[in-house]
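A.B. asks: The following block contains the structure, expressed as structure tokens.
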Ligand SMILES: Nc1ncnc2c1ncn2[C@@H]1O[C@H](COP(=O)(O)OP(=O)(O)O)[C@@H](O)[C@H]1O
Ligand SMILES: [Mg+2]
């Protein structure tokens, strides 16, 4: 499957995280209030040592039990207040942050739906899946916790240090001693951790891809007894991920070691110096108690900085990964640009109809579906490979059905995908009734053109919904029945709940031929002007095929259609046949004409099954 584009090298965690602002904005009042409440709670905690000092120097030194009880009451109240405020913070952020996560997830999904097929060819599905799940969860956790606490702990440390310096500045300086080495360690660590965090998240994406592919391909894996090698591939990847996680843990352990040890040593030193000063009478016992309990109260804010930074780095990597997808241009932006560009040169919808009316019969050769010098190369094709379609010129007249025949890999599927603009042409034009498809909005284009793909995909939904997906919202049961009749899909009435039976991954499994017939029903249900069918009958038995063909013939009578075909019986549905070979239309004519005049065509039609099997995977 596809690979993932390499991440940008030069990055700043802060700049990445700032991009979250539009999503966080709706929650800003609550987030700021929560931060304020948390700072308040932390500062309440810092008052506790001052009460201790008052108790030690006052009631305890004066042997006044009443005063001690009063002090204890104060401490209890302060503790309560601190706990209450931290609780309030949690309550403030929980709801809006789940909302932020949900809206980011919805945004990502919407964007993925609008990204062109070429994007999905390029990106592994697991990478997209992990972005929508693990990464967004990391972001919510970051917003809920590290974001607030980096601020809160920063403020707490500053306030605490000021209090300590005010108590006794020499002791304060002793405790502040390790600040510089700790900060240097943090900086160095942060850079390395950022790289490893990104690596780990990408590896989670790769792992997700393997799991997803092996679930989807379980029949192949079992059928070929490949579960061992698949398990080995999974084990290797998960071992790599484990290695990366261990590196993360080692980096965290280093920083943790430095961040915990140095301040502890400093506090020990301050204790010794302070005790000597108290013995000398230069310092009150209460001040030393207050000083040390402030220092101890600062232990958690200082120690937590290490993993708060680590979590922030992970969140920055997650943000980056999220925006790598969100920054990709969607079909809608590209088509709008194309439309506005063309409008500037004079081509609105009403002008177009007027134009056709004016030119009338003269432009009849423009009507129908036309390919003008179409050249197409897959955006992700390796450099140097020739385009799949070199120069395709083809005109399907209004109401005509054209069969498209060609060897496996000749580009038939590719050509059909170009009509609904699943891919953009490399050069050339495709026109519908004389109108360039790039001038139509995607909605208008896809309302005119219906497609049935080679691999019929059903969604986890009722049969009815799967079929009506191909029609406007107003379509009803009558349309459904008509489409099912054309596709000879009467079998649905025998399903447990008829057309309401759930099919697809979460529902009833259908056979290949049954799925193909539903996909065909989906293509014809909207009575499209243009019908593009990529080998729509390949999985049907001879009798069903004949029945579908008979019914399809009526639909094709007044539809302009392009039908990829392999068997003479399908080819005979069409008025004319085009042979695709070497990236060009090599011959056009009726089936019998081509059989007589074109050796390649005759070969394809005679060896119909052997040709198929060569290309089968
Ligand atoms: N998404 C893709 N990206 C790059 N190359 C592709 C893609 N899909 C198909 N191709 C290549 O384009 C060629 C034509 O494929 P296709 O149109 O599916 O052939 P056909 O339907 O005639 O059997 C093949 O060589 C195939 O490898
Ligand atoms: Mg094909």
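The values are calculated or read from the model by the stated rules, or taken from the named source; none is laboratory data. For clarity, every value in this text was computed on a predicted model and none was experimentally measured. A quick note on method: Cβ atoms are made from the backbone with ideal geometry, for glycine too, and the neighbour counts reach across all protein chains shown.
A.B. asks: Quick one: which of 37, 44 is out of contact with any strand residue (DSSP E or B) (no Cβ under 6 Å at 6 or more places or on another chain), modelled with pLDDT of 90 or more and surrounded by 13 or more Cβ atoms within 10 Å (Cβ to Cβ)?
C.D. replies: On inspection, the qualifying residue turns out to be 37.
For (1) in a helix (DSSP H, G or I); (2) surrounded by 12 or more Cβ atoms within 10 Å (Cβ to Cβ); (3) in contact with a helix residue (DSSP H, G or I) (Cβ under 7 Å, 6 or more places away or on another chain), each residue gets a yes or a no:
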residue	(1), (2), (3)
231	yes, yes, no
234	yes, yes, yes
254	yes, yes, yes
258	yes, yes, yes
262	yes, yes, yes
271	yes, yes, yes
277	yes, yes, no
283	no, yes, yes
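A.B. asks: Something else now. Mind listing whichever residues of segment 383-415 are within 16 Å of ligand 2 (Cβ to nearest atom), closer than 17 Å to residue 426 by Cβ and not in a loop (DSSP other than H, G, I, E, B)?
C.D. replies: Result: 389, 392, 413, 414, 415.
A.B. asks: Could you tell me how many of the residues in segment 526-550 are touching a strand residue (DSSP E or B) at 6+ places or on another chain (Cβ under 8 Å) and either closer than 23 Å to residue 460 by Cβ or within 16 Å of ligand 1 (Cβ to nearest atom) (or both)? Break it down stepwise before answering.
C.D. replies: The first filter runs over segment 526-550 and keeps only residues touching a strand residue (DSSP E or B) at 6+ places or on another chain (Cβ under 8 Å), leaving 526, 528-536.
With the extra rule that they be either closer than 23 Å to residue 460 by Cβ or within 16 Å of ligand 1 (Cβ to nearest atom) (or both), the set shrinks to 526, 532-536.
Looking only at that region, the number is 6.
A.B. asks: On the given criteria, is residue 128 in a helix (DSSP H, G or I), closer than 30 Å to residue 377 by Cβ and touching a residue at least 40 places away in the same chain (Cβ under 8 Å)? Please lay out each step first, then the result.
C.D. replies: Values: in a helix (DSSP H, G or I): yes; closer than 30 Å to residue 377 by Cβ: yes; touching a residue at least 40 places away in the same chain (Cβ under 8 Å): yes.
Judged against the criteria, residue 128 is a match.
A.B. asks: What number of residues within segment 555-579 are more than 16 Å from ligand 1 (Cβ to nearest atom) and in a loop (DSSP other than H, G, I, E, B)? So that I can check it myself, show each step before the final result.
C.D. replies: Residues of segment 555-579 more than 16 Å from ligand 1 (Cβ to nearest atom): 555-561, 568-569, 572-576.
Filter once more, so that each one left must be in a loop (DSSP other than H, G, I, E, B): 558-559, 572-575.
Adding up the residues that qualify gives 6.
A.B. asks: From the residues in segment 416-429 that are buried (at least 20 other Cβ atoms within 10 Å of the Cβ) and not in a loop (DSSP other than H, G, I, E, B), which one is farthest from ligand 2 (Cβ to nearest atom)?
C.D. replies: The residue in question is 418.
A.B. asks: Which residues, taken from segment 82-117, are crowded, with 16+ Cβ neighbours inside 10 Å and within 16 Å of ligand 1 (Cβ to nearest atom)?
C.D. replies: Selection gives 115, 116.
A.B. asks: Can you tell me which residues in segment 529-540 are assigned to a loop (DSSP other than H, G, I, E, B) and either within 18 Å of residue 371 (Cβ to Cβ) or within 16 Å of ligand 2 (Cβ to nearest atom) (or both)?
C.D. replies: Answer for segment 529-540, where residues must be assigned to a loop (DSSP other than H, G, I, E, B) and either within 18 Å of residue 371 (Cβ to Cβ) or within 16 Å of ligand 2 (Cβ to nearest atom) (or both): 529, 535, 536, 537, 538, 539.
A.B. asks: Oh, and also: Does residue 334 satisfy the criteria of being over 30 Å from the mean Cα position of the chain (by Cα), surrounded by fewer than 20 Cβ atoms within 10 Å (Cβ to Cβ), more than 30 Å from residue 195 (Cα to Cα) and at pLDDT below 85? First the steps, then the outcome.
C.D. replies: Values: over 30 Å from the mean Cα position of the chain (by Cα): no; surrounded by fewer than 20 Cβ atoms within 10 Å (Cβ to Cβ): yes; more than 30 Å from residue 195 (Cα to Cα): yes; at pLDDT below 85: yes.
It is false that residue 334 is over 30 Å from the mean Cα position of the chain (by Cα), surrounded by fewer than 20 Cβ atoms within 10 Å (Cβ to Cβ), more than 30 Å from residue 195 (Cα to Cα) and at pLDDT below 85.
A.B. asks: I would also like to ask the following. Any idea which of (1) modelled with pLDDT of 90 or more; (2) within 16 Å of ligand 2 (Cβ to nearest atom) is the one residue 453 doesn't satisfy?
C.D. replies: Here residue 453 meets the rest and fails (1).
A.B. asks: Then there is this: Within 25 Å of residue 443 (Cα to Cα) and modelled with pLDDT of 90 or more, is that true of residue 597?
C.D. replies: no
A.B. asks: What is the number of the single condition among (1) at pLDDT 95 or above; (2) within 16 Å of ligand 2 (Cβ to nearest atom); (3) under 32 Å from the mean Cα position of the chain (by Cα) that residue 375 does not meet?
C.D. replies: (2)
A.B. asks: Against the condition at pLDDT 90 or above, assigned to a helix (DSSP H, G or I) and either touching a helix residue (DSSP H, G or I) at 6+ places or on another chain (Cβ under 7 Å) or within 30 Å of residue 327 (Cα to Cα) (or both), how does residue 110 come out, does it pass? Please lay out each step first, then the result.
C.D. replies: Details: at pLDDT 90 or above: yes; assigned to a helix (DSSP H, G or I): yes; either touching a helix residue (DSSP H, G or I) at 6+ places or on another chain (Cβ under 7 Å) or within 30 Å of residue 327 (Cα to Cα) (or both): yes.
Considered against the rule, which asks whether it is at pLDDT 90 or above, assigned to a helix (DSSP H, G or I) and either touching a helix residue (DSSP H, G or I) at 6+ places or on another chain (Cβ under 7 Å) or within 30 Å of residue 327 (Cα to Cα) (or both), residue 110 comes out as yes.
A.B. asks: Still on this structure: Does segment 442-468 hold any residues that are in contact with a strand residue (DSSP E or B) (Cβ under 7 Å, 6 or more places away or on another chain), in a helix (DSSP H, G or I) and crowded, with 22+ Cβ neighbours inside 10 Å, and which are they?
C.D. replies: Answer for segment 442-468, where residues must be in contact with a strand residue (DSSP E or B) (Cβ under 7 Å, 6 or more places away or on another chain), in a helix (DSSP H, G or I) and crowded, with 22+ Cβ neighbours inside 10 Å: 463, 466.
A.B. asks: Among the residues of segment 398-412, are any within 16 Å of ligand 1 (Cβ to nearest atom), surrounded by fewer than 18 Cβ atoms within 10 Å (Cβ to Cβ) and either under 27 Å from the mean Cα position of the chain (by Cα) or at pLDDT 95 or above (or both)?
C.D. replies: No, there is no match, as no residue in segment 398-412 is within 16 Å of ligand 1 (Cβ to nearest atom), surrounded by fewer than 18 Cβ atoms within 10 Å (Cβ to Cβ) and either under 27 Å from the mean Cα position of the chain (by Cα) or at pLDDT 95 or above (or both).
A.B. asks: Output yes when any residue across segment 239-254 is in contact (Cβ under 8 Å) with a residue 40 or more places away in the chain, more than 27 Å from the chain's Cα centre (by Cα) and over 20 Å from residue 13 (Cα atoms), and no when none is.
C.D. replies: Yes - at least one qualifying residue is present in segment 239-254.
A.B. asks: If you check residue 612 against the conditions, is it assigned to a helix (DSSP H, G or I), within 16 Å of ligand 1 (Cβ to nearest atom) and at pLDDT 85 or above? Break it down stepwise before answering.
C.D. replies: Numbers: assigned to a helix (DSSP H, G or I): yes; within 16 Å of ligand 1 (Cβ to nearest atom): yes; at pLDDT 85 or above: no.
No.
A.B. asks: Being part of a loop (DSSP other than H, G, I, E, B), over 28 Å from residue 387 (Cα atoms) and at pLDDT 85 or above is true for just one of 510, 520. Which residue is that?
C.D. replies: Exactly one residue qualifies, and that residue is 510.
A.B. asks: Let me ask something else about it. Write out, first by first residue and then by second, each pair whose Cβ atoms fall under 7 Å of each other, whose residues are 6+ apart or on separate chains, and whose first residue, in segment 380-407, is closer than 26 Å to residue 606 by Cα and without any contact (Cβ under 8 Å) to a residue 24 or more places away in the chain while the second is away from ligand 2 (no atom under 16 Å from the Cβ) and not in a loop (DSSP other than H, G, I, E, B).
C.D. replies: none
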